[in-house]
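Bear in mind these aren't lab numbers, they're just calculated from the coordinates by the rules spelled out. The structure presented is a predicted model; accordingly, all values stated were derived computationally and were not measured. Cβ placement follows ideal geometry from the backbone for every residue including glycine, while neighbour counts extend to all protein chains displayed.
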Amino acid sequence: MRLSAGLSSAVCSGILLSSTAISGSSVVDARLMTLELASTIARAAVASCADTGYQVSAVVVDRSGAPQVVMRDVFASRFTIEIAERKANAVILAGVSSSEFRVNRAEILAEMNEVDGILVLDGAVPIRAGGALLGAVGVSGAPGGDKDEACAKAGVNRVQEQLDFLD
């Protein structure tokens, strides 16, 4: 059974609306990544894998799971783009790295992989600033999710100092 993106959006909207109603505010402040920041993360992730001999794709998604930057090494399979995006979306859903999500929710792994746009495999990490989830970066193409995840972490680490100094 594949859940539609519309159903997922409806559930998320309901959660957002209920949290707004509780707080009494009609406006919600949100932190968003710039294109420059997202590009730096993707470029550093792809470069990190290239330095170890792996041709990969990196996809940076924003806090809603929409792709912001897609970068593919010239020798990486085109399918790595979709896999990287779906890994990153798993992070948006769970709020933790895709490897943590896979381990913590192993009992529902098969069901989660049926959700449209989600793939629970190692290889994606959150992008956070000041405790806020800005987005996620997913990587695919290295021989193993642990290697993909190391490259994703390298991408975030490239900008971590910037992220640490945001209010």
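A few points about this structure:
- Backbone phi angles across the range 91-99, fed through the Karplus curve with coefficients 6.51, -1.76 and 1.60 (θ = phi - 60°), yield HN-Hα couplings of 5, 4, 5, 8, x, 10, 4, 5, 6 Hz in residue order; Gly and Pro are listed as x.
- Here the Gaussian network model covers the chain, with springs between Cα atoms less than 10 Å apart; of Asn104, Asn157, Asn89, Asn104 fluctuates the most.
- Interchain or long-range residues, amide H under 5 Å from Gly123's placed H: Ser98, Ser99, Glu149
- Globularity index of the chain, i.e. its alpha-carbon radius of gyration over 2.2 N^0.38 Å: 1.03
- Helix axis angle, 35-51 relative to the chain longest principal axis, alpha carbon, degrees: 30 degrees
- Dipole-positive endmost among Val59, Phe79, Val137 within the chain (Cβ charges, Cα centre): Phe79
- Taking a ≥ b ≥ c as the square roots of the eigenvalues of the Cα gyration tensor, the range 61-155 is rounded, since a/c falls below 1.5.
- Nearest-ten-degree value, helix 5-23 long axis tilted from longest Cα axis of the chain: 50 degrees
- When the charge dipole of the chain is built from unit charges on Cβ atoms (+1 for Lys and Arg, -1 for Asp and Glu) and taken about the Cα centre, the candidate among Gln68, Cys49, Ser25 whose Cα reaches farthest toward its positive end is Gln68.
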